[in-house]
Amino acid sequence: MREFAYFRAADVGQAVATVAADPEASYLAGGTTQLDLMKDGVLEPDQLVDITRLPLRGVVREGDTLRVGALTTMEELAADPTVAGRLPFVREALLLGASVQLRNMATIGGNLLQRTRCRYFRDPTVPACNKRRPGTGCAAIAGAARMHAILGASEHCIALHASDLAVPLVALDAIVRVRGADGERSIPLTDFYLLPGDTPDRENVLVHGELITAVDVPLPAEGTRSGYLKVRDRASYEFALTSAGVALLLDGGVIVEARVALGGVGTVPWRAREAEDILRGAPPGPAAFRAAAEAALRDPFTVPGTAFKVELAKRTLERALRTVSGVTS
Amino acid sequence: MTILERPRHVGPGVDRVDGPQKVTGAARYPNDFSHPDMAHAALVRATIAAGRVARLDTGAAESAPGVLAVLTHLNAPRLATGPSALLATPPPPLRDDRILYYGQYVAVVVADTPERASAAARRIEVGYEPAEPLLDIHDPRAERLPDPWGSDASWGDTRAALDDAHVVIEASYTTAENTNNPLGLFSTLAEWDGDTLTVHDSTQWPTRVRATLAQMFGVPEAGVRVLVLYVGGGFGAGLRVWPHVILTAMAARQTGRPVKLVMTRPEMFTGIGHRPATVQHIRIGATRDGRLTAIEHESRSTVAIEGDNIEPCATVSTAAYACPNVTAHDEQVRLNIPWTNSMRAPGEAQGNFVLESAIDELSHALGIDPLELRLRNYAEVHPRSGLPWSSKALRECYEVGAERFGWSRRVPEPGSMREGDWLVGYGMAGISYFWYQAPCQARATVRGDGTAYVRSAVTDIGTGTYTIMTQLAAELLGLEQDRVTFGLGDTSMPPGPQAGGSGLTAALGSAVHAACRNLVRAFLDAAAADPASPLAGCDLDDVAVTGGRVHRVGEPERGESYAGILAMRGLDELSADGDSTPRTPQEAGMAPAGPFGARFVEVRVDPELGRLSVARVVSAIDGGRILNEKLARSQIIGGTVGGIGMAMFEDTVSDPGTGRIANATLGDYLVPVNADIPDMDVSFVGGPDAFNPIGVKGVGEIGLVGMAAAIANAVFHATGKRIRSVPITIDRLLL
Amino acid sequence: MTTLTVNGVDHRLDLDDARVTLLDALRDRLGLTGTKKGCDQGACGACTVMADGKRILSCLTLAAQCEGREIITIEGLGVDGVLHPMQEAFVRHDAFQCGYCTSGQIMSAVCLLAEGRAGSDADIREFMSGNLCRCGAYPNIVAAIREVAGAGGGHA
């Protein structure tokens, strides 16, 4: 780790002003990504601004929106009664991620900003990584890729966005509330992440110094069922090979509302709107589910190590749709 | 003195004597030691797999805060080479500019704090002149080493028998590279005082570390002391003296300060060995009624340039079944990879996977139950030598295991058993593990207060050596266990062998047996000096030991206490040494047997998503005399978890072009977690082995063996899909 | 100077280097070596300690962040030399072999009970999965926790 200065911010304004004024400064919240990458030598800030004691913690229901303070931990959010009652797939995604220890540390804001697990990105001795050193290429494509993206990927970058939580949150059209040196703004989570394109180093729309203060989660209509299915090699404590977050509202034998997002496959948390369009208005059943899965996985970018994920992701989504709808045949 | 006939102390499940130390955090591992004046070392590793260091810029590191020294091949002292015997020491680090594998050390930085050392290490710039590395086990340019251990065997006429067989099974299998990954980061703390050197080191073989350091630094062995009271696992990784150990001692000598080095987890993937990948080919011939007529087993494994490694895989097929025609051939391929090395059940783990999968394939082809097929080809004598086994209860393993598992409920047709959406599969494997034992010495002392201290310079890597030797010594000296202390992990004690090859319990137990007998004899001699002693004229066979007393057999009142004998003679204590050297099979007229075992596994397969889980494992093990059933069971359970890792998760992946290990963290290299592991049923069968005086056979490794085959066989039974490569991951299983 | 409260005792520390993690501060500066470093990357759980009653990883926590927080380590679990019920159960069930992961396992297990997650073997397994045991003592770890949970949980 390079030497850095540690500064504990007294309030949000001071934190934002401090980081905004220092191009080499970073926020420190749960630390589970930040410190890990600093130890690896991938991140080398000269100053860490500790925000963990700022009053950005807690979950408040405001009408049909759940406002989640950015410093709420994953464990705290999973324990929230509204989440348990109205957002089962958010709770499941939280509890299927990481370990209890990490969930006690990791914050919701930090979770959304977690960096890819790509070992080519995380090892500074690898010369070619467009995300870490723009213009150098992508060593993962010809390398040992497996835990990599097949959607939104290109020859420039196949790094996966590995958040579980972000999957249901993009499905729900969550809103990210941000404070920067120039004031506050709100960004739909579906617009928050940037596809790598030819600038994989730019992962989201935040400008330096902007701080996530809260995430607003719209509650789905009463009666909506949801579920998060995560497929991985180990039974626990592993990132997803594929995952699917699904919320369905059924009425009179027809799907009246569908929210679908995929994890483990996208360079960003992957909202599958085409799949939703197919499901909406259709009777739940194998035909609609397969059609939705086919639509969700259209035009994948694969390398030999990730090719299997295309079919696996389709089946993962089909299984999730079956489970959530209760319609198995 | 008759012993172990009606044991009081050995056998039952005694709690670990070091348990309270371990659960309170008081047990001190090598990296828990420190020194007030200590400096810290950090390593710099090569980022090419072959070539030369062309340029080194150490200026920024040398001028970084707190840095005391930077050693590279340009300024490192030249050292002698270490021992080249069994499990050779790698060549001296920093000897020249050549790079032979990705991750080889090119520099070591010493600084006043660990943070500063590792930060400065990052500032060293290394320019390379790369060469094209040899990285692929199939690369025709790579050097091949046929029969590297002289273990190849051939009897009968295998080719002709295969031609004549009613049924032939022929298949190729692969096993992945695995990395030992003991949880304890390997660490060394070295302190010089003139030519004397004290080292705390994560090792399974302290006497080898001492000999190696003395030889490489050219100092007297008597002046080198190696300490390892506890070690955070090894699984074979601690069987060699790796370059980081040498570099730490070198750094301490150069800076004149004690130096501590704690490896990083990524360094643990390149610096302390790994289980080699194998490619194996097997052909089995049989009659229609399931008699084996031929086995031809060929294996190729990897070895580092300038490395060595003992990994006999095909050899597994020479000890398992009665078969008139057998050919086994192993070879190694030299590649620009980090050193391959023993990892729990080297060779056996991979060879058994192939043989026991192929037997399962044969059983399916013949329509004979897999258990029945194994029983029909039971090896009543050692297949290769024809000698009788020193013990063998494999048949009981099969019987007890099958009964406890409920093997008879297995419906033979693949894919025929279900539970909900999950396919259910039953699979099994048999194991005939190899035998190994090295010479060992121990010393036993009884003091005036009637307590005993027994010791040997070995290690307890978690197997329970502290505990079982305490029990054994208590038994042999007739003392309660709380009156006995067993010491280890210090080379000032009598030399002992490595904790490896499942051989320590037999070697050390035999030495402790000898030392305790010699000590009782010494007490008899001391007592005999007094003609009035009730023990006068007795020799060992005339006496028994109980309750801290030596007395005539059958006459407990006619004896003397240890304390009494010492007091009478004015002695503080009496000590005696013991050593053990195994006989040869020819001397003994029998084939020394390792442990045997049978594994029965139930798996669940989610056919749609390729998910696999192990629902039940039943193991029946012939481990000879079991000194402590609780700890022996833990060894089998732990080995089984390792076997599940090999079967389902573990795969050290390298970049095809560079040889960089692409998953060198515990987040990326998957080992089993708690949720992957079901409850397990373990039974011990058989009785004392005839080859060593205490009748034991080591059980440290057998627990891992057979799991890969049993799981693969169960997957076949569940799905009809034969998977011949481990690990069996979702992408391989997706139907 | 920074004050770290560990096992109920305030320690004044000169954190001259902000890089010092809680793990390294405990081990190198306070001599509390019971907490172990298995990966230093948040992937193994060996460094698990309690902070304000919650289990966390001390390797991914800066010492400086912990000022004013109540840190409990394995050394703080027993009272006056008497083992905590979880420590006793780990010995009785042989829930470790080399012992290196054990401090983290026990800290995790004590928290698991406080979290109310030891109700079934499946829950114990799932919520103990952040603590790797390379010796493979998992079934015995589950047995030890099951026993303490069944006996009412012990004190944290």
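Does C:ARG117 satisfy the condition of being at the interface with chain A (Cβ under 9 Å from one of its Cβ atoms) and either without any contact (Cβ under 8 Å) to a residue 24 or more places away in the chain or closer than 27 Å to A:GLN34 by Cβ (or both)?
Against the criterion (at the interface with chain A (Cβ under 9 Å from one of its Cβ atoms) and either without any contact (Cβ under 8 Å) to a residue 24 or more places away in the chain or closer than 27 Å to A:GLN34 by Cβ (or both)), C:ARG117 qualifies.
Here C:GLY34 passes the criteria (1) of a type outside the set (A, V, I, L, M); (2) over 22 Å from B:LEU261 (Cα atoms); (3) within 12 Å of chain B (Cβ to nearest Cβ) except the one numbered (2). What residue, among those in the stretch B:677-714 that are buried (at least 24 other Cβ atoms within 10 Å of the Cβ) and within 14 Å of chain A (Cβ to nearest Cβ), is nearest to B:ALA429 (Cα to Cα)? This residue is B:ILE711.
Of all residues in the stretch B:483-541, those that are farther than 30 Å from B:ARG240 by Cβ and in a helix (DSSP H, G or I) total 16.
Yes/no matrix, rows are residues, columns are (1) crowded, with 20+ Cβ neighbours inside 10 Å; (2) at pLDDT 95 or above; (3) facing chain B (nearest Cβ under 8 Å); (4) under 23 Å from A:ARG53 (Cα atoms):
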position	(1), (2), (3), (4)
C:ASP10	no, yes, no, yes
C:LEU22	yes, yes, no, yes
C:LEU77	yes, yes, yes, no
C:ALA95	yes, yes, no, no
C:CYS98	yes, yes, yes, no
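Picking from residues in the stretch A:132-148 that are touching a Phe, Trp or Tyr at 6+ places or on another chain (Cβ under 8 Å) and buried (at least 24 other Cβ atoms within 10 Å of the Cβ), the one that is farthest from the other protein chains (Cβ to nearest Cβ) is A:CYS138.
Answer with yes or no whether B:MET568 is over 30 Å from B:VAL685 (Cβ atoms), aliphatic (A, V, I, L, M) and touching a Ser or Thr at 6+ places or on another chain (Cβ under 9 Å). Spell out how you get there, then give the answer.
On the way: over 30 Å from B:VAL685 (Cβ atoms): yes; aliphatic (A, V, I, L, M): yes; touching a Ser or Thr at 6+ places or on another chain (Cβ under 9 Å): yes.
The answer is yes for B:MET568.
When the stretch B:378-412 is filtered for residues that are buried (at least 21 other Cβ atoms within 10 Å of the Cβ) and over 22 Å from B:LYS697 (Cβ atoms), the ones remaining, listed by number, are B:PHE405, B:ARG410. Candidates are the residues of the stretch B:542-569 that are surrounded by 21 or more Cβ atoms within 10 Å (Cβ to Cβ) and assigned to a helix (DSSP H, G or I); the one that is nearest to the chain's Cα centre (by Cα) is B:TYR562. Does B:LEU213 satisfy the criteria of being at negative phi, without any contact (Cβ under 8 Å) to a residue 60 or more places away in the chain, within 14 Å of chain C (Cβ to nearest Cβ) and surrounded by 24 or more Cβ atoms within 10 Å (Cβ to Cβ)? No. Among the criteria (1) crowded, with 20+ Cβ neighbours inside 10 Å; (2) more than 13 Å from chain C (Cβ to nearest Cβ); (3) in contact (Cβ under 8 Å) with a residue 60 or more places away in the chain; (4) closer than 29 Å to B:ALA120 by Cβ, the one A:CYS129 does not fulfil is (3). Residues B:LEU197, B:LEU227: which one is more than 14 Å from every other protein chain (Cβ to nearest Cβ) and out of contact with any Lys or Arg (no Cβ under 9 Å at 6 or more places or on another chain)? Of the residues listed, the single one that is more than 14 Å from every other protein chain (Cβ to nearest Cβ) and out of contact with any Lys or Arg (no Cβ under 9 Å at 6 or more places or on another chain) is B:LEU227.
Would you check which residues across the stretch B:107-163 are polar (S, T, N, Q) and away from every other protein chain (no Cβ under 12 Å) and list them? Result: B:SER151, B:SER154, B:THR158.
The residues of the stretch A:231-270 that are within 22 Å of B:LEU609 (Cβ to Cβ), more than 14 Å from chain C (Cβ to nearest Cβ) and over 17 Å from the mean Cα position of the chain (by Cα), listed by number, are A:LEU248, A:ALA258.
Do we find that B:VAL673 is more than 30 Å from B:ILE48 (Cβ to Cβ), crowded, with 24+ Cβ neighbours inside 10 Å, aliphatic (A, V, I, L, M) and without any contact (Cβ under 8 Å) to a residue 24 or more places away in the chain in this structure?
On the way: more than 30 Å from B:ILE48 (Cβ to Cβ): yes; crowded, with 24+ Cβ neighbours inside 10 Å: yes; aliphatic (A, V, I, L, M): yes; without any contact (Cβ under 8 Å) to a residue 24 or more places away in the chain: yes.
Yes: the conditions hold for B:VAL673.
Taken over the stretch A:1-50, the criterion of being at pLDDT below 95 and among the aliphatic types (A, V, I, L, M) is satisfied by A:MET1 alone.
Quick one: count up the residues across the stretch A:84-101 that are part of a helix (DSSP H, G or I) and surrounded by fewer than 24 Cβ atoms within 10 Å (Cβ to Cβ).
Residues that pass the stated criteria total 7.
Return the residue satisfying two criteria in turn: it lies in the stretch A:156-170 and is touching a Cys at 6+ places or on another chain (Cβ under 8 Å) and either in contact (Cβ under 8 Å) with a residue 60 or more places away in the chain or within 14 Å of another protein chain (Cβ to nearest Cβ) (or both), and of such residues it is farthest from A:VAL310 (Cα to Cα). Give the steps one after another, and end with the answer.
Step one: list which residues in the stretch A:156-170 are touching a Cys at 6+ places or on another chain (Cβ under 8 Å), which gives A:156-160.
Keeping just the survivors that are either in contact (Cβ under 8 Å) with a residue 60 or more places away in the chain or within 14 Å of another protein chain (Cβ to nearest Cβ) (or both) gives A:157-160.
Values: A:CYS157: 18, A:ILE158: 14, A:ALA159: 16, A:LEU160: 14 Å.
Filtering the stretch A:156-170 for residues that are touching a Cys at 6+ places or on another chain (Cβ under 8 Å) and either in contact (Cβ under 8 Å) with a residue 60 or more places away in the chain or within 14 Å of another protein chain (Cβ to nearest Cβ) (or both), the one farthest from A:VAL310 (Cα to Cα) comes out as A:CYS157.
Modelled with pLDDT of 95 or more, assigned to a loop (DSSP other than H, G, I, E, B), out of contact with any Leu (no Cβ under 9 Å at 6 or more places or on another chain) and under 27 Å from B:MET428 (Cβ atoms): which single residue out of B:LEU670, B:LEU631 fits that description? Selected residue: B:LEU670, the only one of B:LEU670, B:LEU631 that is modelled with pLDDT of 95 or more, assigned to a loop (DSSP other than H, G, I, E, B), out of contact with any Leu (no Cβ under 9 Å at 6 or more places or on another chain) and under 27 Å from B:MET428 (Cβ atoms).
Only residues that are β-branched (Val, Ile, Thr) and away from chain C (no Cβ under 14 Å) were counted across the stretch B:1-54, and they come to 7. The residues of the stretch C:120-151 that are over 24 Å from B:GLU650 (Cβ atoms), part of a loop (DSSP other than H, G, I, E, B) and either at pLDDT 95 or above or within 11 Å of chain A (Cβ to nearest Cβ) (or both) amount to a single one, C:SER120. Within the stretch B:263-291, being farther than 18 Å from B:ARG334 by Cα, part of a strand (DSSP E or B) and touching a Ser or Thr at 6+ places or on another chain (Cβ under 7 Å) holds for B:HIS281, B:GLY285, B:ALA286.
The one condition from (1) assigned to a loop (DSSP other than H, G, I, E, B); (2) farther than 26 Å from B:SER172 by Cβ; (3) within 29 Å of the chain's Cα centre (by Cα) that B:SER416 does not meet is (3). Screening B:SER575, B:SER619, B:SER580 for residues that are surrounded by fewer than 24 Cβ atoms within 10 Å (Cβ to Cβ) and at pLDDT 95 or above leaves exactly one candidate, B:SER575.
Summed over the stretch B:583-616, the residues that are away from chain A (no Cβ under 14 Å), crowded, with 19+ Cβ neighbours inside 10 Å and touching a helix residue (DSSP H, G or I) at 6+ places or on another chain (Cβ under 8 Å) give a count of 9. Is it the case that B:LEU423 is in contact with a strand residue (DSSP E or B) (Cβ under 8 Å, 6 or more places away or on another chain) and not hydroxyl-bearing (Ser, Thr, Tyr)? When the stated conditions are applied, B:LEU423 passes them.
Among the residues that make up the stretch A:112-126, is at least one of them in a helix (DSSP H, G or I) and more than 8 Å from every other protein chain (Cβ to nearest Cβ)? Explain how you work it out, then say what you get.
Initial filter on the stretch A:112-126 (in a helix (DSSP H, G or I)): A:112.
This time we only want the ones that are more than 8 Å from every other protein chain (Cβ to nearest Cβ), so: A:112.
Scanning the stretch A:112-126 turns up at least one residue that is in a helix (DSSP H, G or I) and more than 8 Å from every other protein chain (Cβ to nearest Cβ).
Take the residues in the stretch C:42-59 that are more than 12 Å from chain B (Cβ to nearest Cβ) and assigned to a loop (DSSP other than H, G, I, E, B); name whichever of them is farthest from C:VAL110 (Cα to Cα). Residue satisfying both the conditions and the ranking: C:ASP52.
The values are calculated or read from the model by the stated rules, or taken from the named source; none is laboratory data. Quick caveat: nothing in here was measured; it's all calculated off a predicted structure. Because the Cβ atoms are built from the backbone with ideal geometry, glycine has one as well, and the counts that use them run over all protein chains shown.
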